[in-house]
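The block underneath contains the structure these notes are about, expressed in structure tokens.
The values are calculated or read from the model by the stated rules, or taken from the named source; none is laboratory data. Quick caveat: nothing in here was measured; it's all calculated off a predicted structure. Here Cβ is always computed from backbone atoms with ideal geometry, including for glycine, and neighbour counts include all displayed protein chains. Surface accessibility is based on the protein's heavy atoms, side chains included, excluding ligands, DNA and RNA. Shrake-Rupley method; radii C 1.70, N 1.55, O 1.52, S 1.80 Å.
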Amino acid sequence: VIISILVKSRNEHIATNENKFISQFITNPKFRNLKADDDFKNIDVSEDWNVKDLLPMKKSFFNYDGSLPMPPCYETFKWVVFENQIEVLNEYLQIIKKEGNPQGFRNVHPLNNRIVFYNNNVEVIENVK
């Protein structure tokens, strides 16, 4: 499963959950100095650091059968694409783009008879203990 969150670039510095989430590792020297062939390094983050902070407020999404977005592009993946976007500092996006995918996107490909489903009836229930 590949979960995709659309991101809107933001120039002004604002303390959103998304920016706080990303800043804890992207500004860390261990991350900034990480090389492609390095072994995994532990990067310390706060105890309340949670991937949920990257999810948009509204949880409606599209899903479809698709492929890996980079070679070898195996077509065995389920995609979940959130309908709403989050806002992240442009500075952070540029660092991620430079380190991960300088091109920033893959060219549009034909659907090849794929069906895209839409779900806007999402209820999030958290089990707090």
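Filter region 16-31 for residues that are at pLDDT below 80 and open to solvent by 90 Å² or more (accessible area, probe 1.4 Å) and give the result.
Hit for region 16-31 is K30, nothing else.
If you go through region 32-49 one residue at a time, do you hit one that is open to solvent by 50 Å² or more (accessible area, probe 1.4 Å), aliphatic (A, V, I, L, M) and at pLDDT 85 or above? Can you show your working first?
Here is the first cut: in region 32-49, the residues open to solvent by 50 Å² or more (accessible area, probe 1.4 Å) are 32-42, 44-45, 47-49.
Going one step further and asking which of them are aliphatic (A, V, I, L, M), we end up with 34, 36, 45.
Retained after the next criterion (residues that are at pLDDT 85 or above): none.
No: zero hits.
Provide a single number: the residues in region 55-69 that are under 24 Å from E18 (Cβ atoms), within 15 Å of the chain's Cα centre (by Cα) and part of a loop (DSSP other than H, G, I, E, B).
Residues meeting the conditions: 5.
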